[in-house]
Protein chains: 2
Amino acid sequence: MGLIYSKKIIKGSFFTSRTDKEVYFVKDALIETDDNGEITKIINPADQDYQRTLEDAKENKQLVETRDDEYVLPGFIDLHVHAPQWPQAGLALDQPLNEWLEQYTFPLEAKYQDLEFARKSYRHLTRNLVKNGTTTALYFGTIHEDANLILAEECQHVGQRAFIGQVVMDNPEQTPKYYRDSSTKEALNKTIDFIKQIRTLYQDSDLIQPVVTPRFVPNCTDEALEGLGQIAKKFDVLVQSHCSESDWEHGYAIERFGKTDTEVLKQYGLLNEKSVMAHGTLLTEANMDTFKDEKAAIAHCPISNAYFGNAVLPTRKLLERKIKVGIGTDISGGFSSSMYRNIQQALISSRMLEDGVDAQKPAAERGVAGARISAKQAFYMATIGGAEALHIRAGQIKVGFKADLQIVRDELSAISSNASQDVFERLMYQTNADNISKVFVSGKLVDHK
Amino acid sequence: MGLIYSKKIIKGSFFTSRTDKEVYFVKDALIETDDNGEITKIINPADQDYQRTLEDAKENKQLVETRDDEYVLPGFIDLHVHAPQWPQAGLALDQPLNEWLEQYTFPLEAKYQDLEFARKSYRHLTRNLVKNGTTTALYFGTIHEDANLILAEECQHVGQRAFIGQVVMDNPEQTPKYYRDSSTKEALNKTIDFIKQIRTLYQDSDLIQPVVTPRFVPNCTDEALEGLGQIAKKFDVLVQSHCSESDWEHGYAIERFGKTDTEVLKQYGLLNEKSVMAHGTLLTEANMDTFKDEKAAIAHCPISNAYFGNAVLPTRKLLERKIKVGIGTDISGGFSSSMYRNIQQALISSRMLEDGVDAQKPAAERGVAGARISAKQAFYMATIGGAEALHIRAGQIKVGFKADLQIVRDELSAISSNASQDVFERLMYQTNADNISKVFVSGKLVDHK
């Protein structure tokens, strides 16, 4: 690999998931990263080489120290971001989905043919995400290949790990004329070209990967779905789309194909272990079995789902069934670019699924028993869940894994319990961009100024 | 009034509610405040005296200018804060309510007999709240009068408008021995003394007011409830408590009194136009009628309710019935000190009430039609709703009202639509403490450093 990272020793207490059951805490560790951007050693204070490693690092100016009220966490993996929608984050969420798409979202996405605008917007977004602790993102771009290449440039420049999709939407019945691939053939060709370009341009980088991206079943013709399945297989790339996002979308596939979109996607080779499907709020039990059998992942978007998902994704059930699930902000169906905010909403939504919402119903009939997840489970989804979905060795502080890390300040340290379990929960609930001190991707400090 | 504020002219574009239907926008206004901390004039660019006022203010160094991407909003009114619980914000939310209270909350509150700890904790909290744009808060203190007086000092010092309650919890059956008023008589005497002390100490301030505060019906004996009702009437002060917060609490009153706690509170003179009751998620239709008839207010705590409320408060129904309702963070049942976060969750929760949560139910049976509120309505609750509940002339940018204001930076201004409606929604959804540039209470810049 051509891009050389520099060796570092990060000294700090850290939290990391290993499973969805536990979060591990290590106090005052030395985390060693190498010139491949990987974690090569984790040294505890009790280890023999601790002092010498520390002193050597100081002498060689390789030491990154943390304050007593700072902690190291794995960087977060945002499993669903519509990059072009960032300028409208928080807008028009009072609108029904179709008006939100037609009056706001599609006109905005169409603007990305203007590459100057694309540059400005994508620069703003990528910097915002990394300063919020998101070290990897799975992006939808637009139908504009050049703008998607600019998104890749901005991710590379800021130093964020990024999976980027050339969006396909060629179905004249479900897309506006001003924002539609001019033909199925052109859409497929652009996807192939985008894959090749990214692989050529970033062959020396470990950051940027292309993704096959049918927007969602309603926006695509049968031919496009079929062609994209073949391209994904031929080039061995990840696939992303939306799946059973809402009553409308879930019903649409059934009407058009006589089956759910899970089955449609599977039929076209778009649902397998390399697939990440956003939302899934309306998945049937049989659909969930298909996700499990195919090892496909779900991007849980708890904020967005509250507006457009029509139900709460039963994340606890998915975790218990060992179905792959990570967390996505879904900018801008979700208004917040913060994975912390989405972790929090994942927790809140699971509580609301458990307890129900309507006080007029008796308590026993209001919700779904046993639906709540813990902060540990949400953290697991935001780190390991995302990494497994994307097949990257990241999301854990562990030897052999990418040094994708965030250093986070505990603002309440001075007046609170500093037991590790309490600190962990507080970090999950209280962290803003404001108290994320440093972010590293492949061991390199990202620059979000 | 002894405390003299200084005259200012704040130049900026502003948003303010007048009703729950509309948000008003005025571009580049001059907001004039006087030495009583009130807004005395609002001058539009088209007005004749605009230029002269602007030049005079510059010359007299009374001008506060805002940037093009900054907007002036009324400060928020947090209608329910347990001040002593701030150190545990975000902790143990996985626990059931009784364990959360017994293992975390009551032991923490008991610590406030240590006045040094009280000082440190309350200083941290009040600074945090004002930097989040909260210019007024309705606080529960603890049973410790001296610590409550320290809370008052800290609010006065930082410059936040505060209503502070000497908490009463005297029922041996529902309170732990280590954190209980030693007798009913002592509890009532402390309440009277606290009212008198605050009124004496802060007679020259327009910031600090005492509040009669039975913690909630389960924690209080009949005698305490009766005595507090009489004290509230005699001293003409506000009353705060919790009401129908959860299935358990709602059921408890019915078991003990044969009626709901709304009726119990009313019976004891604790539910009237001077009352603010937190939560209310389990209120019956008849209870809501009582709130309306008595002109009592509800503090909606959307984050906390997701954890402990067992249902979503139907805010739209309350607004349509003209029942007084504001928003509270409910630190630390709610983990976030930000009213923005609570505005956002109020919106999210109303969507989830409308759509329902359980995808296994048919869409038509899942939620409660017509439950969603708009960002305008949430903003109304966080400003005018709170002000009406507390009987203060604040929460609006309007002549004759307190100059309780926040200047907020729109982070996405450079890449987004700057139509006023879009800016308003973005401010509601995107503001963190980080982009609140300045906060004024009674026209005075608060110092949260």
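The values are calculated or read from the model by the stated rules, or taken from the named source; none is laboratory data. Note that this is a predicted model, so its numbers are computed, not measured. Here the Cβ positions follow ideal geometry from the backbone for every residue, glycine too, while neighbour counts run over all protein chains shown. The accessibility values were calculated without ligands, DNA or RNA, using every heavy atom of the protein model including side chains. Shrake-Rupley method; radii C 1.70, N 1.55, O 1.52, S 1.80 Å.
Each semi-axis of the equivalent ellipsoid for the protein assembly as shown is √(5λ) with λ an eigenvalue of the Cα gyration tensor; in descending order they amount to 45, 30, 29 Å. Pairwise Cα distances in chain A exceed 33 Å for 33 percent of all pairs. Taking B:Pro362, B:Pro172, B:Pro214 as the candidate residues, the one with maximal mean-square fluctuation in a Gaussian network model of chain B, Cα springs under 10 Å, is B:Pro362.
Once the Cβ-Cβ distance between A:Asp204 and A:Asn418 is put in as r, and R0 is 56 Å, what FRET efficiency do you end up with, to the nearest 0.05?
Working: r = 43 Å, r/R0 = 0.77.
Step by step, r from the Cβ atoms, then E = 0.80.
Quick one: work out the % antiparallel among DSSP beta bridges in chain A, nearest 5. Roughly 40 percent of the beta bridges in chain A run antiparallel, per DSSP.
What does the copy distance list look like for B:Arg393, label position 7 Å along Cα→Cβ, in nm and ordered from shortest? Distances between equivalent label points, in nm: 7.0. Shortest first, A:Asp204 label-point distances to identical copies amount to 7.1 nm, with the label point at 7 Å from Cα along Cα→Cβ.
Considered as an equivalent ellipsoid built on the Cα gyration tensor, region A:107-183 has semi-axes of 25, 12, 10 Å, the largest given first.
Just tell me which lysines come within less than 25 Å, Cα to Cα, of B:Lys233; anything on the same chain fewer than 8 places away is out. Once the sequence-local lysines are set aside, what remains near B:Lys233 is B:Lys185, B:Lys190, B:Lys196, B:Lys259, B:Lys266, B:Lys274, B:Lys292, B:Lys295, B:Lys322, B:Lys324.
Taking amide H as placed 1.01 Å from N in the peptide plane, the amide H of A:Ala394 sits under 5 Å from that of A:Lys402, each at least 5 places away or on another chain. With Cα atoms defining each centre, region B:148-168 and region B:242-307 are spaced 25 Å apart in the structure.
In a reduced charge model with +1 at each Lys and Arg Cβ and -1 at each Asp and Glu Cβ, region B:92-227 shows a dipole moment near 520 debye about its Cα centre. According to the Cα-based calculation, Rg over Rh for region B:134-176 is 1.09, with Rh computed by the Kirkwood formula. For a Förster distance of 30 Å, can you work out the FRET efficiency between the beta-carbons of A:Glu22 and B:Gln113, rounded to the nearest 0.05? After rounding to 0.05, the efficiency reads 0.25. For region B:333-449, the dipole from Cβ point charges (+1 on Lys and Arg, -1 on Asp and Glu) about the Cα centre works out to 360 debye, to the nearest 20. Counted over all Cα-Cα pairs of region B:207-299, pairs farther apart than 19 Å make up 31 percent. Proximity of backbone amide H atoms, modeled 1.01 Å from N, is registered between A:Arg18 and A:Tyr24 at under 5 Å, excluding neighbours fewer than 5 places apart on the same chain. Working from label points 7 Å from Cα in the Cα-to-Cβ sense, the B:Asp35 to A:Asn36 distance is 7.4 nm.
Please compute, for peptide B:415-423, the average count of beta-carbon atoms on other protein chains lying within 10 Å of each residue's beta-carbon.
On the way: counts 10, 9, 6, 0, 1, 0, 2, 6, 1.
What the average comes to for B:415-423 is 4.
Remark: region A:357-407 carries 32 Å² of accessible area per residue (probe radius 1.4 Å; ligands, DNA and RNA excluded).
How far is helix B:285-294 tilted off the main Cα axis of chain B, in degrees rounded to 10, range 0 to 90? Helix B:285-294 sits at roughly 60 degrees to that axis.
What value in Å³ per residue do you get for the convex hull of the alpha-carbon atoms in region B:399-439?
Values: hull volume 3.6 nm³, N = 41.
Convex hull volume per residue, Cα atoms: 88 Å³.
Between this copy and the others, label points of B:Arg119 are 5.7 nm apart in ascending order, each placed 7 angstrom from Cα in the Cβ direction.
Mean per-residue shielding of peptide A:307-313 is 6, counting Cβ atoms of other chains within 10 Å of each Cβ. Taking only alpha carbon atoms, region B:125-224 gives an Rg to Rh ratio of 1.01, where Rh is the Kirkwood radius. Straight-line reach from A:Lys8: taking Cα to Cα under 21 Å and skipping same-chain neighbours fewer than 8 places apart, the lysines in range are A:Lys27, A:Lys41, A:Lys58, A:Lys61, A:Lys131, A:Lys398, A:Lys402, A:Lys438, A:Lys444. Measuring nothing but how far apart in sequence close Cα pairs (under 8 Å, 6+ apart) lie, relative to its length, region B:76-390 scores a relative contact order of 18 percent.
Rounded to the nearest 20 debye, the dipole magnitude of chain B is 660 debye, with +1 charges on Lys and Arg beta carbons, -1 on Asp and Glu beta carbons, and the Cα centre as origin.
From the C-alpha gyration tensor of region B:1-119, pull out the three semi-axes of the equivalent ellipsoid (sqrt of 5λ each), sorted largest to smallest, in whole Å. Please report the intermediate quantities before stating the final value.
Numbers: eigenvalues 388, 76, 29 Å².
After scaling each eigenvalue by five and taking roots: 44, 19, 12 Å.
What is the helix-to-structure angle for A:50-59, meaning the angle in degrees between its Cα long axis and the longest Cα principal axis of chain A, kept from 0 to 90 and rounded to the nearest 10? For A:50-59 against chain A, the angle is about 80 degrees.
Exposure check, 1.4 Å probe, all protein chains in place: A:Thr19 carries approximately 60 Å² of accessible surface. Backbone amide hydrogens, once placed in the peptide plane, bring B:Ser437 within less than 5 Å of B:Ile407, B:Val408, B:Arg409, excluding anything fewer than 5 places away on its chain.
Taking the average, over residues, of other Cβ atoms within 10 Å as the packing measure, peptides B:43-54, B:388-399, B:411-422, B:76-87 rank B:76-87, B:388-399, B:411-422, B:43-54 from highest down.
With every protein chain kept in the model, how would you rank A:Lys295, B:Lys402 by accessible area, 1.4 Å probe, largest at the top?
Details: A:Lys295 115, B:Lys402 35 Å².
Output order, biggest surface exposure first: A:Lys295, B:Lys402.
Across peptide B:365-378, the mean count of Cβ atoms from other chains lying within 10 Å of each residue's own Cβ comes to 2.
Mind pulling the angle between the C-alpha long axis of helix B:247-257 and the longest principal axis of chain B? Nearest 10 degrees, somewhere in 0 to 90. Compared with the principal axis, the helix lies near 50 degrees. Here region A:339-449 yields Rg over Rh of 1.07, to two decimals, using C-alpha coordinates and the Kirkwood radius.
A compact globular protein would have a Cα radius of gyration near 2.2 N^0.38 Å; the ratio found for region A:24-79 is 1.23.
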